[in-house]
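Below is one structure; the comments refer to it alone.
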Amino acid sequence: MSLPPGFLDELRNRLSIGQVVGRKVMWDQRKSNQGKGDLWAPCPFHQEKSASFHVDDRKGYYYCFGCHAKGDAISFVRETENVGFMEAVQILAGEAGMTMPARDPQAQQKADRRTQLAEVMEMAVQFYRLQLQTGAGAQARDYLAGRGLGAQALERWEIGFAPPGWQNLWDHLTGKGVAEDLILGCGLSKASNQGKKPYDTFRHRIMFPIRDARGRAIAFGGRAMDPDDNAKYLNSPETELFDKGRNLFNLKPAREAAGKGQPLIVAEGYMDVIALSEAGFEAAVAPLGTAVTENQLQMMWRVSPEPVITLDGDTAGQRAAMRVIDLALPLLEAGQSVRFAMMPEGQDPDDLLKAAGAPAMREKIEGAMPMVQLLWQREVDGKVFDSPERKAALDKALREKIMQIKDPSIRSHYGQAIKDMRWELFGTKRDTSGGGGARRTPWLPKGAKLPAQVSTKASALAGGALLEDHLREAVIVAVLVRNPLILNDFYSALERMQCSTPEIDQLRTALLRHDADESLADKIIADIGEEPLERIMGHAHVRITPAVRRPDNGDLARMCLAEEFAKLTARRGHAHEVEDAIEELTSDVADERLTKRLAQSLAAMNDAGRQDGDDRAEYDTGDNGARISKDERSAFDALLDRISFAKGGGGH
């Protein structure tokens, strides 16, 4: 329907946006200036304690400096009442004393029918409530009393009872003169396939009215009293009033409670919501017999930026959580997410409240885990990652999920959080088994043997080898700091690298924990300070490494790292073989296989070091023993020749 010119302007002129908004917020008297129409309050669209929500009553608009919500009186009613544009205009027109323009006959007829359907639904609410007080409702009253619901709770939640029988409600409504098509249109009765009178949809059930964001009764949920009934809970069918994927049970009261600072809690069923609300958690809602939909999630976010999903402590509850994760990932925005409160195994919120009371539930809500943590838990629980392939599969699965996030900033933070949790799972940990604080060895590939043991380290030969190891480790760390864009290519090798000193291990850990981008060095300094990095970069062996002196994140750095990792792994593997040989020589089991193993190990170490011979094709040795690139040496010699030629008078 199109409104006549000037109608909206007249509506805005008649209304004070301060009065419209004032019904939902509490003005900050210290910050507001009522006389000038300068009004401030905590924002009704997101939870906050400071007054960042500004209303300019003279200009007729609002703006939140926290969540950036903005608009006029119409948009405010649309967002807070969860109604469409025309419904918002109609609400405000009624308050302003303006008559809505006549609609076209078809639209008017449709609006009139929805009004009639809503009136019939209210008649059904009253019928069911009266039936609960009759003799037929005695069993239902006893059941509700056993669930802890007294008379005041029954009144507050308008709980009723649909008695046994096929046409109780039908006969009541038709006896009141209600048209049959309206009863059927409300989903209160169903047409008979046998040519008989329509029969009631709900029979022998406790009835819970479902109201929309404006408080209109639009559907029912019925809990079966017959234990043999196939459907324990039954919802109204979808009608012109009711779309189960676009509504939430208890939305209107929950929104009001959330506006006062209570966390929005999402439970599974009606009784959970009622139990939560009666225990003081009034901002509680539930989906209507279906998994959470995108529309329902958007409705939750309009009420609270971080709704808390309470999940039953069983397999079905876990599956429900995973569906919410998959639904929410592409929709995440800054400050807008979901948290999860896991109930004890075998319990729902109602059970927990009865067993341990409101403090236990409050502890669960306050300790609700962020979505990224549950996403990680889903991918790792019950799985063993004892091979590179399994670790790679985990990385791939998590990467695919994270890539669904559209916001690049959130995607980056998720990546960092996953990286931190991955490090906690796979990173080197301390041995708490009484081994004197020795480091637990992470998974090692074949050939990457343990470093020399204490007895071997005592020798002068081992001392030289340890120094060599330390220098190679320093080069590896320094190259990665200077060439961070290739870190992901060597992530697994770095993860497995045994460090000879705590300082190297500290830098290795920092490299593994942070994203590989151009600001990696700054992140490491912020993490562990400048001194460890300066000491590593101060090694002469490190300073002359080409990939450190000339960072390019390219082939030079990759070749350098591949060579250093290969030499490090081969030397440590050979050291381990020598150690084993010493032990076997003192026993009675030594044979020719020992000699063969040592020869193979030595050959592997020589092969890894063969690059040294290749280096001579690319490098010369300077007077100080340092390696100098032949290209750089040639360029330097040519420059000296030009200088000498110029001094000799040959220059211009």
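What follows draws every value from the coordinates through simple rules; no lab data is involved. Owing to the predicted nature of the structure, the values given are computational and were not obtained by experimental measurement. For neighbour counting, all protein chains shown are included, and Cβ atoms are generated from backbone atoms with ideal geometry for every residue, glycine included.
Relative contact order of region 105-242: what whole-number percent is it, with Cα pairs under 8 angstrom and at least 6 residues apart? Mind dumping the intermediate values first?
On the way: 194 pairs, mean separation 33.4, N = 138.
Computed over region 105-242, the figure is 24 percent.
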Both in Å, the radius of gyration and Dmax of the C-alpha trace of region 300-422 are 15.7, 47
Relative contact order as a percentage, region 142-210, C-alpha pairs under 8 Å and 6+ apart, gives 41 percent
Share (percent) of C-alpha pair distances in region 203-247 greater than 17 Å works out to 35 percent
Given pairs 244/364; 190/232; 190/244; 31/260 and cut-off 22 Å on Cα-Cα distance, the over-length ones are 244/364
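Going by average Cβ density within 10 Å per residue, which order do the peptides 232-242, 213-223, 277-287 take, highest to lowest?
Working: 232-242: 17.6, 213-223: 20.7, 277-287: 22.3.
Ranked from most to least packed, the peptides come out as 277-287, 213-223, 232-242.
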Per the rule of 0.36 nm per residue minus the C-alpha distance, extending residue 229 to residue 26 adds in nm 68.2 nm
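Considering only DSSP states other than H, G, I, E and B, which GluC sites (Glu not before Pro) in region 511-566 qualify as loop sites with at most 15 other Cβ atoms within 10 Å? Don't skip to the answer; put the middle values down first.
Details: sites: 518, 530, 534, 563, 564; in loops: 518, 530.
Those satisfying the criteria are 518, 530.
Can you give the percent of C-alpha pairs in region 236-311 whose distance is more than 21 Å?
Tail of P(r) above 21 Å: 19 percent of Cα pairs.
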For region 105-242, inverting the pair-averaged 1/r of distinct alpha-carbon atoms gives a Kirkwood value in Å of 15.5 Å
Quick calc of log₁₀ I(q)/I(0), region 148-218, Debye, one scatterer on every Cα, no solvent, q values 0.11, 0.12, 0.15, 0.27 1/Å, result -0.33, -0.39, -0.59, -1.26
The extension gain from residue 8 to residue 136, computed as 0.36 nm times the residue separation minus the Cα-Cα distance, is 40.8 nm
With Rg from the Cα atoms and Rh as the Kirkwood inverse mean 1/r over Cα pairs, region 7-96 has an Rg/Rh of 0.95
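For a 31 Å ceiling on Cα separation, which of these pairs sit above it: 252/401; 70/396; 176/354; 419/567; 396/523?
On the way: 252/401 34 Å; 70/396 40 Å; 176/354 42 Å; 419/567 28 Å; 396/523 25 Å.
Those over the limit are 252/401; 70/396; 176/354.
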Once both label points are put 7 Å beyond Cα along the C-beta direction, the residue 528-residue 179 separation in nm becomes 7.9 nm
